[in-house]
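The values are calculated or read from the model by the stated rules, or taken from the named source; none is laboratory data. Bear in mind the structure is a predicted one, so any value in this text is a computation, not a measurement. No Cβ is skipped: glycine too gets one built from the backbone with ideal geometry, and neighbour counts run over all protein chains shown.
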């Protein structure tokens with residue numbers, strides 16, 4: 001491919017971020033690699049983590065099957081659980097862990113002819129009101145799972161609705177509701193997503209489920225110095241032009257020059273996953289120097305201000321987000337979330353940095369991050 005747009009993924013950063021999250025949590029951690037590892041490549045990330053991760057979490061069974069077929073043997077939790085009896089059978093064959101979050105999934109287990117047991121995770125709704133058994137129904141659901149004879153273990157879990165808002169009381173209320181609902185129940189506990197892990201230390205229990213932090217992004221928007229961005233979305237300047245005062249730029253003429261303005265055309269647009277809603281002033285970096293987007297983002301290209309960068313020209317590297325331009329800043333400027341931006345990257349090839357480190361390098365990474 002000759003078009004210079006690319007997405008570079010630093011797998012060492014993914015591993016460093018995982019080890020930091022697990023150390024912070026103090027217990028075990030499932031690396032969440034659903035949605036193609038938030039756009040980073042699920043199989044590549046899982047392989048890079050396989051020597052250190054306690055397990056992985058994916059959204060649905062096909063995502064888990066892709067990892068198994070790619071040689072990943074760590075535990076894999078399917079967060080949406082099984083949709084039908086055929087999926088439950090396949091989950092057993094692939095040795096997958098299953099979340100159980102509604103009545104039909106208990107009935108599938110009760111009626112299943114499978115000879116064998118599952119590691120089950122019972123999801124309890126403590127206020128998200130999306131998936132899971134109501135707190136009052138948790139003891140009965142737990143007992144029914146035990147009665148099926150299909151549970152080798154039951155982990156109790158919930159999901160936070162506003163953990164990325166440190167000033168809100170809802171997370172504290174959810175923790176209290178979870179503890180009350182599970183007080184008499186046996187099993188490991190799992191409460192923390194990425195935001196819970198970073199912001200709510202009293203939510204740290206047996207298992208964490210870090211997702212966004214694995215990729216070096218803060219879910220609450222504040223810089224976390226221990227995290228390193230794993231994704232660098234970059235392209236190049238492929239043409240230069242100068243606007244005279246009074247000339248407008250791009251669709252909708254949303255930018256009008258008030259002085260001579262040197263413009264760089266960049267090979268990336270919303271078809272590549274860059275947000276169309278990004279406005280003039282959104283940060284970018286050109287050859288390592290800070291500047292901004294100007295004009296409206298097009299399908300295949302966007303435009304940046306090179307007026308203060310006389311050495312920049314055709315072929316200059318443009319970082320759209322990465323170590324110099326936090327994806328959180330682009331998300332804020334475009335009215336989107338970092339989750340959406342990372343998951344939306346497409347068309348541009350993924351290029352992996354150090355995809356296969358040696359065992360010695362992995363162990364050195366472990367010593368550097370966790371002090372062992």
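Okay, here's what the table says:
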read-out	value
Which numbered condition residue 242 fails, given (1) assigned to a loop (DSSP other than H, G, I, E, B); (2) more than 28 Å from the chain's Cα centre (by Cα); (3) over 23 Å from residue 5 (Cβ atoms)	(1)
Selection status of residue 100, crowded, with 23+ Cβ neighbours inside 10 Å and in contact with a helix residue (DSSP H, G or I) (Cβ under 9 Å, 6 or more places away or on another chain)	yes
Tally, over the stretch 156-167, of residues that are under 18 Å from residue 125 (Cβ atoms) and surrounded by fewer than 21 Cβ atoms within 10 Å (Cβ to Cβ)	2
Matching residues, the stretch 315-352, being surrounded by fewer than 17 Cβ atoms within 10 Å (Cβ to Cβ) and on the phi > 0 side of the Ramachandran plot	315, 335, 347
Complete set of residues in the stretch 66-89 that are in a helix (DSSP H, G or I), in contact with a helix residue (DSSP H, G or I) (Cβ under 9 Å, 6 or more places away or on another chain) and closer than 28 Å to residue 137 by Cα	85, 87, 88
Set 52, 72: member being over 16 Å from the mean Cα position of the chain (by Cα), more than 19 Å from residue 98 (Cα to Cα) and either at pLDDT 95 or above or crowded, with 21+ Cβ neighbours inside 10 Å (or both)	52
Qualifying residue in the stretch 253-261 (condition: over 15 Å from residue 307 (Cα atoms) and touching a strand residue (DSSP E or B) at 6+ places or on another chain (Cβ under 6 Å))	no
Hits in the stretch 113-159 (condition: in a loop (DSSP other than H, G, I, E, B), farther than 20 Å from residue 77 by Cβ and touching a helix residue (DSSP H, G or I) at 6+ places or on another chain (Cβ under 8 Å))	127
Selection status of residue 258, more than 23 Å from residue 342 (Cα to Cα) and either within 27 Å of the chain's Cα centre (by Cα) or assigned to a loop (DSSP other than H, G, I, E, B) (or both)	yes
Per-region count, the stretch 180-199, residues more than 24 Å from residue 118 (Cα to Cα) and without any contact (Cβ under 8 Å) to a residue 40 or more places away in the chain	3
Members of the stretch 168-213 found to be closer than 27 Å to residue 152 by Cβ, within 17 Å of the chain's Cα centre (by Cα) and assigned to a helix (DSSP H, G or I), listed by number	196, 197
